[in-house]
Amino acid sequence: MLKDEVRTLSYRNAIINNPHLFKGKTVLDVGCGTGILCMFAAKAGAKRVIGVDMSNIIDQAKVIVEKNGFGDVIHLVKGKLEDVDLGLGPDGKVDVIISEWMGYFLLYESMLDTVLDARDKYLAPGGILMPDTATLYLSAVEDQEYKDEKIGFWDDVYGFDYSCIKDIALKEPLVDTVELKAVVCDPAKVLHLDLATCTKADLTFNNNFTMRASRNDYVHAFLGWFDIGFEKCHKPVRFSTGPHSRYTHWKSTVFYIPGALMLSQGQEIKGSLKVAPNERNHRDLDISIKWQVDGQGEEGTGQMDYKMS
């Protein structure tokens with residue numbers, strides 16, 4: 001992830017270019033990993049930075065922090081945020097919470113619920129979160145060639161009929177890069193989160209969407225991506241994981257549908273996107289997409305249930 005320049009430079013610009021938000025402040029980094037965001041905060045003038053991570057990478061982070069001369073400012077804690085002592089004392093608070101919490105399709109394997117716990121427990125009144133907004137989008141793409149390769153492959157596997165596997169393959173969203181020229185519809189906003197006010201309940205949703213075809217074409221899949229904003233900066237910093245933007249390790253998420261939809265320019269797809277944590281494993285996602293193309297009756301209507309795991 002350190003090699004993801006869009007991600008890392010966005011965080012660096014949001015932190016380093018806004019020392020007025022960090023100078024003399026106490027900062028908490030949720031899921032600090034190798035400590036890169038902690039060091040950005042320290043370099044921006046933070047008085048104290050606390051990084052928390054439950055993985056063994058934090059052992060290397062401690063070495064990295066010392067080697068870069070921030071050992072007196074950055075305090076790294078290994079363990080779950082809910083279980084560890086941050087050394088803040090009774091009712092101790094922080095001024096800023098930073099975290100790179102986003103997962104594929106924004107919420108798959110994300111740490112947002114932990115960030116919200118940290119906000120509610122540790123963020124001082126008037127404190128800020130970085131980033132502080134997240135927006136999820138859905139569009140539709142023409143992808144016949146790759147769909148045939150991924151889904152149609154099971155119709156004839158070296159002369160044998162494996163078509164029963166197609167249903168399984170269709171239900172597995174594909175995380176991949178998608179070229180902008182494949183996008184058939186204008187994007188529809190399906191979720192917006194203000195991290196200062198949203199709750200865990202907002203992470204389970206069933207929202208309607210309307211997307212309009214930008215040209216005559218066929219639709220073989222829906223496409224999801226997200227945008228992130230650091231709106232408290234003097235000059236807001238934002239980045240996108242969509243097909244119109246530079247590569248990020250999050251890529252985009254492709255949801256194939258069983259057939260194909262024929263669209264004319266200006267025609268609309270109306271539908272709904274339902275997302276919920278899986279009951280057995282809350283880091284997995286259960287996703288359902290319903291759609292209806294205006295004027296196409298049953299042929300333009302459908303529903304698919306997916307699982308990201």
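The values are calculated or read from the model by the stated rules, or taken from the named source; none is laboratory data. Everything numeric here is computed off the predicted structure, so don't read it as measured data. Cβ atoms come from the backbone with ideal geometry, glycine included; neighbour counts cover every protein chain shown. What goes into the accessible areas is simple: the full protein's heavy atoms, side chains included, and nothing from ligands, DNA or RNA. Shrake-Rupley method; radii C 1.70, N 1.55, O 1.52, S 1.80 Å.
Quick notes on this one:
- With K and R counted +1 and D and E -1, the other residues having a Cβ less than 14 Å from that of residue 49 yield a net charge of +1.
- Relative to the globular-protein estimate of 2.2 N^0.38 Å, the Cα radius of gyration of segment 5-100 stands at 0.99.
- Working from the Cα coordinates of segment 134-308, the gyration tensor eigenvalues give, after taking √(5λ), semi-axes of 28, 20, 17 Å in decreasing order.
- Semi-axes of the equivalent ellipsoid of the chain are 41, 20, 18 Å, computed as sqrt(5λ) over the eigenvalues of the C-alpha gyration tensor in descending order.
- Take 34-43, 280-289, 228-237 and order them by the average number of nearby Cβ atoms within 10 Å per residue, most first; the result is 34-43, 228-237, 280-289.
- Simple point charges give the picture: +1 on the Cβ of Lys and Arg, -1 on the Cβ of Asp and Glu, and for the chain a dipole about the Cα centre of about 1440 debye.
- Since only 15, 272, 79 are under comparison, the one whose Cα sits farthest along the positive direction of the charge dipole of the chain, derived from C-beta charges on Lys, Arg, Asp and Glu, is 15.
- Between segment 171-221 and segment 92-120, the Cα center-to-center distance that results, in Å: 22 Å
- Accessible area expressed per residue, segment 134-308, with surrounding protein chains retained (probe 1.4 Å, Å²): 53 Å²
- Peptides 215-227, 148-160, 57-69 ordered by average Cβ neighbours within 10 Å, highest first: 215-227, 57-69, 148-160
- Protein accessible area in segment 81-201, 1.4 Å probe - carbon and sulfur %: 50 percent
- Across segment 193-207, coupling constants 3J(HN,Hα) worked out from phi with the 6.51/-1.76/1.60 Karplus curve, θ = phi - 60°, read 10, 9, 5, 6, 10, 5, 10, 4, 4, 5, 7, 10, 8, 9, 10 Hz, and Gly and Pro carry x.
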